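**Student:** There's a structure below that I have some questions on.
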Amino acid sequence: MTTDTELEKLKYPIGRYNPQQELSEQELAQAILAIAQLPQKLRTAVANLTPEQLDTPYRDGGWTVRQVIHHLPDSHLNGYMRQKLALTEDVPTIRPYDEVAWAALPDSLHGDPGISLRLLEALHQRWVLLLQSLTPEQLARKFTHPASGGQSIRQHIGNYAWHGNHHLAHVTELIRREGWDKA
């Protein structure tokens, strides 16, 4: 039986994100670097996993490694589009999506992880190119999420840096717990 504390650690291996956090210039640079490095870190983490390991949930009731791999470009494509909308429209209200339903679709359940790894790599190259070019005024631009309210691009960058590392830790902690890194 998993305790509440153990379950919290399995769900949030790097801790929960504070969406109200306003990033300093140094934290912003670190967040952009984290976004830039995520695709290669994920590719390295899953490089030697078998199909059975890819189809192992990172926790009871959680997504499989394969679903996590496919979820990252799904989510990050949405994040990238939200930022572009905020850069080109006046405080747009963005459209949320049902990430749990998306993760249950056949492409996420059975698709080749290499497809999503390549998509994530291309997306992050393009995204980082945009992020590194933003002015302070652009970083302050906002969008509105119907459920969570307003968020600046600066805050959103921190959120997505955390999001990538959060799911990477789901994968790497499972690999460590199962001893797959010692094989």
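The values are calculated or read from the model by the stated rules, or taken from the named source; none is laboratory data. Since we're looking at a predicted model, the values are computed, not measured. Backbone-built Cβ (ideal geometry, glycine too); neighbour counts: all protein chains shown. SASA here: full protein model, heavy atoms, side chains in, ligands and nucleic acids out. Shrake-Rupley method; radii C 1.70, N 1.55, O 1.52, S 1.80 Å.
**Student:** As a check on your grasp of the helix formula, calculate [θ] at 222 nm for the chain: sum -39500 (n - 2.57) over DSSP H runs of n ≥ 4, divide by the residue count, round to the nearest 500.
**Tutor:** On the way: 9 runs with 117 residues, N = 183.
Helix-only estimate at 222 nm: -20500 deg cm²/dmol.
**Student:** Report in % the part of the accessible area of segment 29-110 that belongs to carbon and sulfur, leaving out ligands and nucleic acids; probe 1.4 Å.
**Tutor:** Details: 2350 of 4180 Å².
About 56 percent, which is the carbon plus sulfur part of the accessible surface.
**Student:** Could you tell me the calculated FRET efficiency between E52 and R118, based on Cβ-Cβ distance and R0 = 22 angstrom, to the nearest 0.05? Numbers along the way, then the final one.
**Tutor:** Numbers: r = 23 Å, r/R0 = 1.03.
So the FRET efficiency works out to roughly 0.45.
**Student:** Counting heavy atoms of the protein chains only and a 1.4 Å probe, report the per residue accessible area for segment 1-106 as a whole number of Å².
**Tutor:** Values: 6190 Å² over 106 residues.
Accessible surface, normalised per residue, equals 58 Å².
**Student:** R126 versus A101, label points 7 Å from Cα toward the beta carbon: distance in nm?
**Tutor:** Each label point is offset 7 Å from its Cα along the Cβ direction, giving 2.5 nm.
**Student:** Taking the 0 to 90 degree range and rounding to the nearest ten, how far is the long axis of helix 113-131 tilted relative to the main principal axis of the chain, both from C-alpha atoms?
**Tutor:** Its long axis makes an angle of about 20 degrees.
**Student:** Also: Amide H of Q151 versus every other amide H placed in the peptide plane: which residues, excluding those fewer than 5 positions away on the same chain, fall under 5 Å?
**Tutor:** Result for Q151 returns F143, H145.
**Student:** Further question: Would you calculate the volume per residue, in Å³, of the smallest convex hull containing every Cα atom of the chain? Mind dumping the intermediate values first?
**Tutor:** Working: hull volume 23.1 nm³, N = 183.
Taking the convex hull of the Cα positions in the chain, it is 126 Å³ per residue.
**Student:** Right, another one. Taking the chain as the reference, fit the longest principal axis to its C-alpha atoms, fit the long axis of helix 153-178 to the helix C-alpha atoms, and give the angle between the two in degrees, 0 to 90, nearest 10.
**Tutor:** 10
**Student:** Rounded, prolate or oblate for segment 13-57? Axes are the square roots of the Cα gyration tensor eigenvalues, ordered a ≥ b ≥ c, and the cut-off for rounded is a/c under 1.5. Mind dumping the intermediate values first?
**Tutor:** Values: a/c = 5.31, a/b = 2.01, b/c = 2.64.
In terms of gyration-tensor shape, oblate.
**Student:** Next up: Given 0.36 nm per residue, what is the gain on full extension from L109 to T93 after removing their alpha carbon distance, in nm? Walk me through the numbers before you get to the answer.
**Tutor:** On the way: separation 16, 0.36 × 16 = 5.76 nm, distance 3.02 nm.
Extra length from L109 to T93 when fully extended: 2.7 nm.
**Student:** Where the only charges are on Cβ atoms (+1 Lys, Arg; -1 Asp, Glu), what is the dipole of the chain about its Cα centre, to the nearest 20 debye? Display every interim value, and only then the final one.
**Tutor:** On the way: 18 positive and 21 negative charges, 61 e Å.
That gives the chain a dipole magnitude of about 300 debye.
**Student:** Q40 to S148: FRET efficiency via 1/(1 + (r/R0)^6), r the Cβ-Cβ distance, R0 41 Å, to the nearest 0.05?
**Tutor:** 0.85
**Student:** Convert each backbone phi in segment 80-97 into a coupling constant with the Karplus relation 6.51 cos²θ - 1.76 cosθ + 1.60 (shift: θ = phi - 60°), then list the ³J(HN,Hα) values in order as whole Hz, x for Gly and Pro.
**Tutor:** For segment 80-97, the Karplus-derived couplings read 4, 5, 4, 5, 5, 5, 5, 6, 10, 10, 8, 6, x, 8, 8, 9, x, 9 Hz, x marking Gly and Pro.
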